[in-house]
Structure formats: C-alpha cells, structure tokens
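**Student:** Input: one structure, supplied below.
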Amino acid sequence: EYPGGIQAMYDYIGKHLVYPSLARENAKEGKVVLSFVIDAEGKVSMSEVERGIGFGCDEEALRVINKMPNWTPATQNGKPVAVRLMLPVVFRLQ
C-alpha cells in the first residue's frame, strides 16, 4: 500500500508530474500504462512502460514512479513479498 492510500499516491503523481514540452507543443494527450514491482522492502523496482504515447510522456511517467516513496509491502503468510502492479498515468492538457 502506498503511504496514505491510493488518493495520496494520485496526489503525489499530480504534484510531481511535469507535462513534457514536446507533448504540450504537439497537443499530445493520453494514458501511459506502467508496470512496476514493489519489492519485499517496499521499494519501487523493475518499472517499465506497458503502453506508451511518446512525446516524452513515457519517460516522465517512469521518472515520477521511480521516485515514489517506499510503500508498505504486501504480505503472504505474514512475510513481506514482492508484487507487480500496473498503473495508468493520464496526461491531459488543461
């Protein structure tokens, strides 16, 4: 679990995500789908783009995800375990 829950995670992404200038200049909007692993220590690892939109958005979404604070790791039989998650990051011009 992300510290503070799902809404806190989306608040973190919204605060730290910078719309790439190339995407802004070309009016590029869309959804970047990322996968990543929360390891047994709660750290983000093995992040990758599953479906991207280009124009610098894929790299920016990865940058923000890779800098997230540690999560509370998942547990199985009382022991922390790694888990793979998928997360959509939406880029929308205002």
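The values are calculated or read from the model by the stated rules, or taken from the named source; none is laboratory data. The structure presented is a predicted model; accordingly, all values stated were derived computationally and were not measured. When we count neighbours, we look across all protein chains shown, and the Cβ atoms used for this are built from the backbone with ideal geometry, even at glycine. All accessible areas refer to the heavy atoms of the entire protein, side chains included, with ligands and DNA or RNA removed. Shrake-Rupley method; radii C 1.70, N 1.55, O 1.52, S 1.80 Å.
**Student:** Going through the stretch 46-62 one residue at a time, which ones are in a strand (DSSP E or B) and within 11 Å of the chain's Cα centre (by Cα)?
**Tutor:** Result: Ser47, Glu48, Val49.
**Student:** State whether one or more residues within the stretch 66-75 are touching a Gly at 6+ places or on another chain (Cβ under 8 Å), closer than 20 Å to Ile6 by Cα, touching a residue at least 40 places away in the same chain (Cβ under 8 Å) and open to solvent by 40 Å² or more (accessible area, probe 1.4 Å).
**Tutor:** Yes - at least one qualifying residue is present in the stretch 66-75.
**Student:** Another question, then. Ala27 is checked against (1) open to solvent by 40 Å² or more (accessible area, probe 1.4 Å); (2) hydrophobic (A, V, I, L, M, F, W, C); (3) outside any loop (DSSP other than H, G, I, E, B); (4) in contact (Cβ under 8 Å) with a residue 40 or more places away in the chain and fails just one. What number does that condition carry?
**Tutor:** Answer for Ala27: the failing condition is (3).
**Student:** Looking at the stretch 32-42, can you tell me whether even one residue there is among the charged types (D, E, K, R), at pLDDT 95 or above, open to solvent by 50 Å² or more (accessible area, probe 1.4 Å) and not in a loop (DSSP other than H, G, I, E, B)?
**Tutor:** no
**Student:** Right, something else. What do you reckon, is Glu59 modelled with pLDDT of 95 or more, farther than 13 Å from Tyr19 by Cα and open to solvent by 60 Å² or more (accessible area, probe 1.4 Å)?
**Tutor:** So Glu59 fails the test.
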